[in-house]
Amino acid sequence: MAAIVCNEITKRYGNHQVVHAFNLAVRENEFVVFLGPSGCGKSTILRMLAGLEEISDGELSIAGKVVNDLPPRDRDIAMVFQNYALYPHMSVFDNIAFGLKRLKVAKSEIEQRVNDVASMLGLEPYLGRKPAALSGGQQQRVAIARAMIKTPAVFLFDEPLSNLDAKLRNHMRVEIARLHQSLRTTTVYVTHDQLEAMTLADRIVLLKDGRIEQLGTPKEIYENPRSKFVASFIGTPSMNFIDMVVSSDGASFVLTNAATRLRVSKERYRLQDGQTVIVGIRPAHLVPASDGNDGNIIAGVVDLIEYLGNEALVNFELGGVEIGALLDSNACPQRKQPCRLTVDERHIHIFDRESELTLIRSLS
C-alpha cells in the first residue's frame with residue numbers, strides 16, 4: 001500500500017495556469033474523492049498523479065518515493081478511465097489478462113489471477129464474451145478488473161460511472177465501495193457527482209478553479225461548508241440563499257429583509273451592525289412551524305410541489321427569492337396554500353457578501 005503526497009504541485013499550459021499550489025497528503029488505504037465542476041482541475045491533477053500529464057512545478061511522492069520523472073508504468077498505479085478503453089477484438093478474459101501477458105507472467109498464474117478477480121466482480125459468466133456483448137456496467141467491471149489484476153499500490157478512477165444510467169451508477173457505486181473495503185488499496189477517485197463523493201469518500205477534496213476550496217470528510221463538508229460555493233455544491237436539493245441585513249439586539253443578532261426576520265446568537269456568528277450577508281438554509285432543515293411558534297419563521301404561498309416519494313420538495317417565493325423545503329409528502333401543504341416553516345439556529349449558515357466565506361465563529 002502507498003501514501004500519496006502532493007507538495008505545491010502546479011500545472012501550466014503555456015501562460016495559462018490551471019492548477020495552483022496543490023497540497024494534499026493521501027493516507028495509506030484511504031479513499032479520497034476529487035470533486036468539483038467541469039474545468040476545476042480535478043482530472044488534470046489525477047493525470048499528473050498517473051504520469052499522463054507533466055507536473056509544471058512541485059513534488060509528487062508515492063510510497064515515500066518522488067515520482068515526478070517516472071513514467072506511468074513505474075509508479076505502481078492502475079487507472080480506470082471514463083470510457084473503459086477495452087480492446088473490442090479481445091475477449092473479457094484477454095482484456096483482463098492483457099497487462100500480465102505484457103509482463104510475461106506465467107500462463108497458469110495469469111489464469112488463476114483472472115479467475116480470482118472475475119469471481120470477485122461477478123464476471124465469470126462473461127470471460128469468453130467480447131466487450132460489445134456486455135452492458136455498460138459489465139464493461140466497467142471489466143475495466144476495474146483489468147486494473148485490479150496488477151495489484152497496484154494506488155487505484156485512480158477518472159469519472160468511471162459518468163457514462164452509465166442512474167440505476168447502473170447506483171449499482172456500480174456500491175460495488176466500488178465494497179471493492180475498496182475488501183482490498184483497502186489507496187484510491188483517488190474523480191467525479192463531478194456529489195452523491196458519488198458523499199457515499200464513497202473517506203475525505204473529499206472540493207476543487208474550484210484549480211484550488212482546494214475545502215478538504216474534509218463528507219459529514220464535515222456538508223455540515224460546515226467554509227464558503228457559499230461549497231454550500232451550494234454539496235447537498236441535494238441545493239441550499240437556499242437569502243440576502244439579509246444584520247442588526248444587534250442584546251445577546252442576539254437579528255437578520256432582516258422585506259419578507260422575514262431571523263434571530264441568531266452572537267456567540268456563534270461574527271457579524272456587525274448594518275452588515276449585508278447571505279443566509280443559507282438547506283431545504284431539509286426547514287420544518288413546519290407549530291401554532292404559536294413565531295421564531296425564525298420562513299413563510300410563503302406554495303407555487304410548485306415536486307413529489308419525491310416519502311418526501312416532497314415544496315417551493316414558494318420569499319421576497320423575490322425561490323425557497324425550497326423538503327417535507328414529508330403525506331403532510332405537506334398543497335399548491336396555492338400557505339406554507340409556514342421554521343429553522344433551528346444550528347442549521348443557519350451565514351456567509352460574507354463580498355468574500356462569500358462563512359461567518360460562523362467555530363470555523364474561523
Q | Pair list, Cβ < 8 Å and 6+ apart or interchain, from segment 174-187 residues that are closer than 13 Å to residue 152 by Cβ to residues that are of a type in the set (Asp, Glu) and surrounded by fewer than 17 Cβ atoms within 10 Å (Cβ to Cβ) | A | 186/28
Q. Out of (1) in contact with a Cys (Cβ under 8 Å, 6 or more places away or on another chain); (2) surrounded by fewer than 19 Cβ atoms within 10 Å (Cβ to Cβ), the odd one out for residue 130 is which?
A. (1)
**Q.** Condition broken by residue 259, with the remaining ones in (1) open to solvent by less than 40 Å² (accessible area, probe 1.4 Å); (2) closer than 21 Å to residue 283 by Cα; (3) part of a loop (DSSP other than H, G, I, E, B) satisfied
**A.** (1)
Q. Conditions: (1) buried (at least 16 other Cβ atoms within 10 Å of the Cβ); (2) within 21 Å of residue 319 (Cβ to Cβ); (3) not aliphatic (A, V, I, L, M). Residue 268 meets all but one. Number of the miss?
A. (2)
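When the residues of segment 160-182 are narrowed to those that are basic (Lys, Arg) and touching a helix residue (DSSP H, G or I) at 6+ places or on another chain (Cβ under 8 Å), which ends up most open to solvent (accessible area, probe 1.4 Å)?
Filtering first and then ranking leaves 169.
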Q: Being modelled with pLDDT under 85 and loosely packed, with under 15 Cβ neighbours inside 10 Å narrows it down to one of 121, 103, so name that one.
A: 103
**Q.** Matching entry among 213, 220 (being assigned to a strand (DSSP E or B) and either small (Gly, Ala, Ser) or surrounded by fewer than 21 Cβ atoms within 10 Å (Cβ to Cβ) (or both))
**A.** 213
Q) Do we find that residue 357 is farther than 29 Å from residue 272 by Cα and surrounded by fewer than 19 Cβ atoms within 10 Å (Cβ to Cβ) in this structure? A) no
(Q) Could you check segment 82-97 and list, in sequence order, the residues that are within 18 Å of residue 155 (Cβ to Cβ) and either surrounded by 16 or more Cβ atoms within 10 Å (Cβ to Cβ) or among the charged types (D, E, K, R) (or both)? (A) 82, 84, 86, 95, 96
(Q) Of everything in segment 28-52, what is under 25 Å from residue 14 (Cα atoms), open to solvent by less than 40 Å² (accessible area, probe 1.4 Å) and either in contact with a Leu (Cβ under 9 Å, 6 or more places away or on another chain) or in a strand (DSSP E or B) (or both)? Give them in sequence order. (A) 34, 36, 40, 41, 42, 45, 46, 48, 49, 50, 51
Q.
Here are the criteria: (1) in a strand (DSSP E or B); (2) farther than 21 Å from residue 234 by Cβ; (3) small (Gly, Ala, Ser). Tell me which single one residue 292 does not satisfy.
A. (1)
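The values are calculated or read from the model by the stated rules, or taken from the named source; none is laboratory data. These numbers were taken from a predicted model, which means no experiment stands behind them. Reconstructed Cβ throughout: ideal geometry from the backbone, glycine too, with neighbour counts over all protein chains shown. SASA here: full protein model, heavy atoms, side chains in, ligands and nucleic acids out. Shrake-Rupley method; radii C 1.70, N 1.55, O 1.52, S 1.80 Å.
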